[in-house]
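Asker: Here it is, the structure, as structure tokens.
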Amino acid sequence: MAAPVPSTGERGAGQDGGVRRGGTTARWRRRRGGTGAGRGRAERSGAERRGAGRAASGGNGGAGERRSRMEGGERLLPKGFPKLKNDTFLRAARGEETEHTPVWCMRQAGRYLPEFRETRAAQDFFATCRSPKLCCELTLQPLRRFPLDAAIIFSDILVVPQALGMEVVMVPGKGPTFTEPLKEVEDLLKLRQKVDVAAELGYVFQAITLTRHSLEGRVPLIGFSGAPWTLMSYMIEGGGSTTMAKAKSWLYRHPEASHRLLRLLADVVTDYLVGQVAAGAQALQLFESHAGHLGPEQFQDFALPYIRDISQAVKSKLKEEALPLVPMIIFAKDAHYALRDLARAGYEVVGLDWTIRPQEARAQTGKDVTLQGNLDPCALYAPKEKIGELVKKMLEGFGTQRYIANLGHGLYPDMNPEHVGAFVEAVHAHSRHINKHS
């Protein structure tokens with residue numbers, strides 16, 4: 001289970017697939033397309049996908065453009081982006097040498113920032129997610145405070161179930177609640193079988209384009225999605241769970257239907273991630289936040305194949321569309337037993353939680369992938385001097401190359417922004433010192 005977030009306010013499933021608080025409703029929408037959750041991917045031609053991308057990012061016509069216009073925000077095209085000034089994160093992700101270790105934080109745009117709380121005060125959660133202007137502002141806020149080496153678009157992993165037609169209600173003090181979770185195999189018929197991501201998720205693409213321009217080349221912009229098993233577990237559990245018993249029972253009772261749902265989700269996630277790159281994302285992270293609820297056999301059967309498929313399909317479609325082959329990150333929380341497989345799953349970067357030693361992770365993953373993580377988020381409650389000591393030890397364990405510093409999960413709402421700044425500064429200072437004297 002994703003680490004619990006300290007209670008206050010409302011929550012949703014944020015940038016790290018854990019729990020984020022909000023307060024809104026997204027309703028079941030009328031089904032479109034087929035009647036069965038078949039395994040086959042609904043393929044569109046390159047021209048169709050390019051047209052959809054244009055609609056989502058400021059081109060002619062399309063539901064995506066209409067929705068963006070309704071939600072407001074400046075309309076910019078995904079081209080003519082400012083030149084990137086700090087490519088340290090991208091170079092580390094690709095295994096290139098860096099002068100310092102890059103650092104960013106999962107849920108770095110979050111309620112620990114007073115300006116975040118002020119911006120979000122008058123908006124419910126998914127209304128915020130649907131506003132490109134607000135998403136851009138929230139994404140930029142931590143960059144104004146800290147010398148981070150990457151930005152991650154403000155959004156939520158549950159926009160994918162919404163795109164499939166599911167209703168999500170944010171219940172104060174509880175979090176995301178699906179009013180009609182999937183209970184029986186027949187409920188799969190309620191889901192859209194062919195999702196036009198430009199129409200349903202165009203607001204995310206527009207937010208990415210606006211943010212990429214607004215960053216003015218300061219740092220790269222990361223896009224993301226939840227992975228199929230994590231999304232499936234939310235859709236069946238109806239929200240968060242300590243056991244995932246309902247979702248796991250599907251794997252045992254309805255394995256074929258589970259694979260149909262996972263395949264549908266993998267196909268939508270693939271198109272969604274490709275759309276994010278078309279809109280301007282310069283890296284992608286896939287959050288398998290509920291991996292730890294699966295044992296090795298179930299992970300091999302119901303999670304890993306779709307993680308691999310998404311990487312392969314995204315890279316293939318990026319080539320087809322002549323889009324940048326951006327680095328991809330896989331973060332499968334608590335899946336230590338699968339690190340060797342994840343290192344061979346087609347991702348340039350493997351993210352780690354805080355429950356594994358750096359040396360052990362390196363031994364399992366080898367030298368051909370970059371590692372990301374993995375300071376315990378609660379370490380930021382320590383005095384600044386102690387944070388510096390912990391960062392130094394972490395850097396010595398991972399090494400400063402082929403490494404991206406991060407937390408092992410997302411920032412918590414009650415954390416002191418000054419301690420977040422101390423973490424970022426310690427990564428830069430200690431990694432430069434190590435590089436200078438190595």
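The values are calculated or read from the model by the stated rules, or taken from the named source; none is laboratory data. Please read all numbers here as calculations on a predicted model, not as lab measurements. Note that each Cβ is placed from the backbone with ideal geometry, even for glycine, and that neighbours are counted across all protein chains shown. The protein model used for the area step is the full one, side chains on, heavy atoms only, and it has no ligands, DNA or RNA in it. Shrake-Rupley method; radii C 1.70, N 1.55, O 1.52, S 1.80 Å.
Asker: Being within 19 Å of Gly110 (Cα to Cα), of a type outside the set (Val, Ile, Thr) and within 21 Å of the chain's Cα centre (by Cα), is that true of even one residue in region 181-202?
Answerer: no
Asker: A follow-up question, please. If Gly51 meets every condition in (1) open to solvent by less than 50 Å² (accessible area, probe 1.4 Å); (2) closer than 18 Å to Gly275 by Cα; (3) modelled with pLDDT of 80 or more apart from one, which number is that one?
Answerer: (3)
Asker: Would you point out the residue of region 265-292, among those that are out of contact with any Gly (no Cβ under 8 Å at 6 or more places or on another chain), part of a helix (DSSP H, G or I) and small (Gly, Ala, Ser), that is most open to solvent (accessible area, probe 1.4 Å)?
Answerer: Of everything passing the filter in region 265-292, Gly292 is most open to solvent (accessible area, probe 1.4 Å).
Asker: So which residues in region 301-343 are surrounded by fewer than 23 Cβ atoms within 10 Å (Cβ to Cβ), charged (D, E, K, R) and not in a helix (DSSP H, G or I), if there are any at all?
Answerer: Once the filter is applied, which keeps residues that are surrounded by fewer than 23 Cβ atoms within 10 Å (Cβ to Cβ), charged (D, E, K, R) and not in a helix (DSSP H, G or I), region 301-343 yields Glu321, Asp334.
Residue-wise test of (1) farther than 15 Å from Phe331 by Cβ; (2) at pLDDT below 95; (3) open to solvent by 60 Å² or more (accessible area, probe 1.4 Å).
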position: Trp354; (1), (2), (3): no, no, yes
position: Pro358; (1), (2), (3): yes, no, no
position: Ala361; (1), (2), (3): no, no, no
position: Gly366; (1), (2), (3): yes, no, no
position: Leu375; (1), (2), (3): no, no, no
position: Gly388; (1), (2), (3): yes, no, no
position: Gly397; (1), (2), (3): yes, no, no
position: Gly410; (1), (2), (3): no, no, no
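Asker: Being crowded, with 18+ Cβ neighbours inside 10 Å and modelled with pLDDT of 95 or more is the filter here; which residues of region 168-187 pass it?
Answerer: Phe178, Pro181, Leu182, listed by residue number.
Asker: What do you reckon, is Gln162 touching a strand residue (DSSP E or B) at 6+ places or on another chain (Cβ under 8 Å), more than 30 Å from Val103 (Cα to Cα) and open to solvent by less than 30 Å² (accessible area, probe 1.4 Å)?
Answerer: yes
Asker: With the condition kept exactly as written, say whether any residue in region 293-300 is more than 17 Å from Arg340 (Cα to Cα) and open to solvent by 10 Å² or more (accessible area, probe 1.4 Å).
Answerer: Yes, region 293-300 contains a residue that is more than 17 Å from Arg340 (Cα to Cα) and open to solvent by 10 Å² or more (accessible area, probe 1.4 Å).
Asker: Can you tell me which condition Gln372 does not meet? The list is (1) in a loop (DSSP other than H, G, I, E, B); (2) among the polar types (S, T, N, Q); (3) out of contact with any helix residue (DSSP H, G or I) (no Cβ under 8 Å at 6 or more places or on another chain), and all the others hold.
Answerer: (1)
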